[in-house]
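**Student:** Below is a structure I'd like to ask you about.
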Amino acid sequence: MRLVVPPGVFRPRSDSWMLANAVREHPRTPGGRVLDLCTGSGLVAVSAGLAGAASITALDVSRRSAATAWLNGRLNGVAVRGVRGELLSPVAGQRFDLIASNPPYIPAPPDGAASRAARAWDAGPDGRQLLDRICAEAPGLLAPGGALLLVHSSLARLDATTAACEAAGLEVEVLVRRRGALGPIAAARAQWLVDRGVLDGRDGDEEVAVVQATLEAQPATAAA
């Protein structure tokens, strides 16, 4: 795979590749309609196309990211529709077999200095600024039997995401987990995370997972 990541576009990290692999291996990807939400470079969108998705939409609040996803699709022979807009509003009324997202999830001090780059990882004091909205809004865009795949960090409370998805009518399971040291951004605010009770000061590890939330398929119509 060829990827161009220009300045100002989020560069894929290990969790990005976790999600890309999950999308590539997902049974709903071949022949499916795939939405890559918070696309960044378009890694996940391109992975879906290379795995045989019928249509791919790459959505990001950053116009540059949406354009980069389209470009990376072209570089890999994949048709990616790059869309710029705020979360899911630009695709309202559409239906997807798979929605994949690696949203911002790192808790951020409310008095921290905001930057344009930081919107790719900072997600409010509890790390759930976008997660709760995605869990609530994504089910309305899923086709019957479709699935939402989310990158999730232990810093943002997996139990809260499970509860939010189940409340929206989705069945939740964790596809893959990986535990390791904090990334550089979370490590730089580790003491603040410990003080908030988000991080265990004894080990300072973080678990990153890909969570699947599936919409039940419509029941078969009984024969007359």
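Nothing in this text is a laboratory measurement; each read-out follows from the coordinates by a stated rule. These figures come from a predicted structure and were not determined experimentally. Counting neighbours? That spans all protein chains shown, and the Cβs are built from the backbone with ideal geometry, glycine included.
**Student:** How much net charge surrounds Thr214 when only the other residues with a Cβ under 12 Å from the Cβ of Thr214 are counted, with Lys and Arg +1 and Asp and Glu -1?
**Tutor:** That works out to -4.
**Student:** Something else about it: Arrange the following residues from fewest to most other Cβ atoms within 10 Å of their Cβ: Asp205, Asp122, Asp60, Asp111.
**Tutor:** Ordered from fewest to most neighbouring Cβ atoms within 10 Å, Asp205, Asp122, Asp60, Asp111 come out as Asp111, Asp205, Asp122, Asp60.
**Student:** Compute the signed sum of charges (Lys and Arg +1, Asp and Glu -1) over the other residues within less than 14 Å, Cβ to Cβ, of Ala164.
**Tutor:** With Lys, Arg at +1 and Asp, Glu at -1, the neighbours total -3.
**Student:** Follow-up question, since we're still on this one. Using +1 at the C-beta of Lys and Arg and -1 at the C-beta of Asp and Glu, which of Leu3, Ser16, Ile185 has the Cα lying farthest in the positive direction of the dipole of the chain?
**Tutor:** Looking along the dipole axis, the top candidate is Leu3.
**Student:** How much length, in nm to one decimal, is gained on full extension between Asp205 and Arg2, taken as 0.36 nm per residue of separation minus their Cα-Cα distance?
**Tutor:** Going from the current span to full extension adds 69.9 nm.
**Student:** Exposure proxy check: Arg189, Arg2, Arg11 ranked by fewest other beta carbons within 10 Å?
**Tutor:** Listed from fewest to most nearby Cβ atoms, that is Arg2, Arg11, Arg189.
**Student:** If you don't mind, there's one more thing I want to ask. Could I have the simple spin-label model distance between Val176 and Arg95, label points 7 Å from Cα toward Cβ, reported in nm to one decimal?
**Tutor:** Placing both labels 7 Å along Cα→Cβ, they lie 2.9 nm apart.
**Student:** Counting Lys and Arg as +1 and Asp and Glu as -1, each charge on the Cβ, what is the dipole of the chain about the Cα centre in debye, to the nearest 20?
**Tutor:** 1000 debye
**Student:** What distance in nm lies between label points placed 7 Å from Cα along the C-beta direction at Asp195 and Arg11?
**Tutor:** 3.0 nm
**Student:** Further, regarding this structure: Could you give me the percent of Cα pairs per 5 Å distance bin for segment 14-215, shortest bin first, beginning at zero and ending with the bin that holds the maximum distance?
**Tutor:** So the P(r) values, bin by bin, are 1, 8, 17, 20, 21, 16, 10, 5, 2, 0.
**Student:** So what is the 222 nm mean residue ellipticity for the chain from helices alone, if each DSSP H run of at least 4 adds -39500 (n - 2.57) and you divide by all residues, rounding to the nearest 500 deg cm²/dmol?
**Tutor:** That comes out to -7500 deg cm²/dmol.
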